[in-house]
Amino acid sequence: METRRNFIKLTALGSAAVITSSCLTSEKEQKEENNTFKEVIKPIVVSTWIHGLEANAASWDILSAGGSSLDAVEAGVKVTESDPNNSSVGLGGLPDRDGKVTLDACIMDHENNCGAVACLQDIENPISVARKVMEDTPHVMLVGDGAKQFALEKGFKEINLLTEKSKEAWEKWRLESKYQPVINSENHDTIGLLALDENGNLSGACTTSGMAYKLHGRVGDSPIIGAGLFIDNEVGAACATGMGEAVIRIAGSAIVVELMRNGMSPYEACKEAVNRVIKKHKDLTNLQVGFLALNKYGEAGGYSVYEGFNYALQSENQKGMIDAEFYKKW
Ligand code: GLY
């Protein structure tokens with residue numbers, strides 16, 4: 001048993017942020033790696049951007065009571081999906097160029113079970129529909145009208161996701177009628193959330209309304225297993241945020257997990273994945289991509305192309321935001 005009574009400064013290999021720490025007592029588990037024993041930090045939850053703080057809190061309620069990482073990741077991102085003031089996820093998300101809010105989401109558990117929905121309209125919590133796809137069908141992904149029909153059959157309510165605020169923004173955008181989809185609006189887009197539970201099981205969830213003013217039918221990385229999210233319980237978990245097309249091109253989250261399998265830390269793996277994005281794109285203008293990873297020891301790290309990506313972390317002793325390191329300033 002070990003008691004910590006001081007403030008903990010979290011570092012993401014160089015990038016630092018002060019995290020509030022409570023006076024808690026924790027039991028440490030050790031895992032063997034290369035003949036040395038490493039402390040396992042669990043439970044723990046991490047998620048992209050500032051909206052991750054509230055999402056993590058909902059996940060933490062479940063994790064700290066001994067609940068599963070799968071329940072925790074769903075409950076966490078549902079908070080963000082249901083927040084009408086968040087313009088990049090779920091209700092209140094900015095619409096496509098036709099004024100339609102279309103949502104993408106996926107979920108994955110420690111046994112590689114996964115479910116996803118893409119281009120789903122009129123349903124507030126796509127992550128819960130994705131979980132139903134995973135648990136109640138032999139499929140991994142449903143899209144468009146089929147996904148909506150499935151959701152309604154499962155008892156999800158039909159609602160208008162286009163809030164007055166998002167509608168006004170879209171109408172203003174339409175005045176210029178210039179096709180220029182926007183990523184990373186208000187310094188965030190997707191929420192990707194990764195959790196390690198008391199039993200040492202990893203799960204993840206990823207959900208977004210995607211690029212604002214995109215072509216109707218455009219699907220980004222967020223609902224694609226291996227791009228927006230990937231879990232391997234033997235290794236770790238990863239999720240992505242930013243320009244989905246660039247993430248898909250390098251199978252981003254799967255790559256981050258494979259790099260961790262080959263011995264990299266979460267931070268190193270995210271940095272290498274970002275380097276691959278950079279190598280594959282001659283023009284980095286507005287090409288923000290960020291990766292966030294959590295390994296089986298409960299170690300987290302992130303890295304992005306441009307400055308500004310941050311992530312929220314909550315564990316028994318730590319709670320707060322961490323600024324990720326980055327390749328370049330805007
Ligand atoms: N990363 C979110 C998207 O590209 O849709």
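I'd like the full set of residues that are in a loop (DSSP other than H, G, I, E, B) and surrounded by fewer than 20 Cβ atoms within 10 Å (Cβ to Cβ), limited to the stretch 125-150.
So the first thing to find is which residues in the stretch 125-150 are in a loop (DSSP other than H, G, I, E, B), and the list is 125, 137-140.
Of everything in the stretch 125-150, those that are in a loop (DSSP other than H, G, I, E, B) and surrounded by fewer than 20 Cβ atoms within 10 Å (Cβ to Cβ) turn out to be Thr137, Pro138, His139, Val140.
For the stretch 208-226: of the residues being more than 7 Å from the ligand (Cβ to nearest atom) and on the phi > 0 side of the Ramachandran plot, which is nearest to the chain's Cα centre (by Cα)? Show your work before the answer.
Going residue by residue through the stretch 208-226, those that are more than 7 Å from the ligand (Cβ to nearest atom) are 209, 212-219, 223-226.
This time we only want the ones that are on the phi > 0 side of the Ramachandran plot, so: 213, 217, 226.
Numbers: Tyr213: 21, Gly217: 21, Gly226: 12 Å.
Ranking the candidates gives Gly226 first.
Are any residues in the stretch 188-210 surrounded by fewer than 24 Cβ atoms within 10 Å (Cβ to Cβ) and either without any contact (Cβ under 8 Å) to a residue 24 or more places away in the chain or in contact with an Asp or Glu (Cβ under 9 Å, 6 or more places away or on another chain) (or both), and if so, which ones?
Once the filter is applied, which keeps residues that are surrounded by fewer than 24 Cβ atoms within 10 Å (Cβ to Cβ) and either without any contact (Cβ under 8 Å) to a residue 24 or more places away in the chain or in contact with an Asp or Glu (Cβ under 9 Å, 6 or more places away or on another chain) (or both), the stretch 188-210 yields Gly200, Asn201.
Go through the stretch 5-105 and tell me which strands (runs of 3 or more DSSP E), entirely inside it, have 3 or more residues that are modelled with pLDDT of 70 or more.
Working: elements: 8-12, 15-19, 24-26, 29-33, 36-40, 44-48.
Here the list reads 29-33, 36-40, 44-48.
Could you please find all residues in the stretch 96-110 being at positive phi and within 12 Å of the ligand (Cβ to nearest atom)? Talk me through it step by step, then tell me what you get.
Just the residues of the stretch 96-110 that are at positive phi, to begin with: 99.
Selection gives nothing.
Rundown of residues vs (1) at pLDDT below 95; (2) in contact with a Cys (Cβ under 9 Å, 6 or more places away or on another chain), yes/no style:
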{"site": "His139", "(1), (2)": "no, no"}
{"site": "Leu142", "(1), (2)": "no, no"}
{"site": "Ala147", "(1), (2)": "no, yes"}
{"site": "Gly155", "(1), (2)": "no, no"}
{"site": "Asn160", "(1), (2)": "no, no"}
{"site": "Glu186", "(1), (2)": "yes, no"}
{"site": "Gly192", "(1), (2)": "no, yes"}
{"site": "Asn201", "(1), (2)": "no, no"}
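Cβ-Cβ distance below 6 Å, separation of 6 or more or different chains: which pairs start in the stretch 151-174 with a residue that is surrounded by 10 or more Cβ atoms within 10 Å (Cβ to Cβ) and end on one that is assigned to a helix (DSSP H, G or I)?
Close Cβ pairs satisfying both conditions: Ala151/Val129; Lys154/Lys132.
Are any residues in the stretch 35-63 crowded, with 16+ Cβ neighbours inside 10 Å and among the polar types (S, T, N, Q), and if so, which ones?
Answer for the stretch 35-63, where residues must be crowded, with 16+ Cβ neighbours inside 10 Å and among the polar types (S, T, N, Q): Ser47, Thr48, Asn56, Ser59.
Residue by residue through the stretch 227-282, note down the ones that are surrounded by fewer than 23 Cβ atoms within 10 Å (Cβ to Cβ), of a type outside the set (A, V, I, L, M, F, W, C) and within 15 Å of the ligand (Cβ to nearest atom).
Glu245, Arg249, His281
The values are calculated or read from the model by the stated rules, or taken from the named source; none is laboratory data. Since we're looking at a predicted model, the values are computed, not measured. Cβ sites come from the backbone with ideal geometry, for glycine too, and all protein chains shown count toward neighbours.
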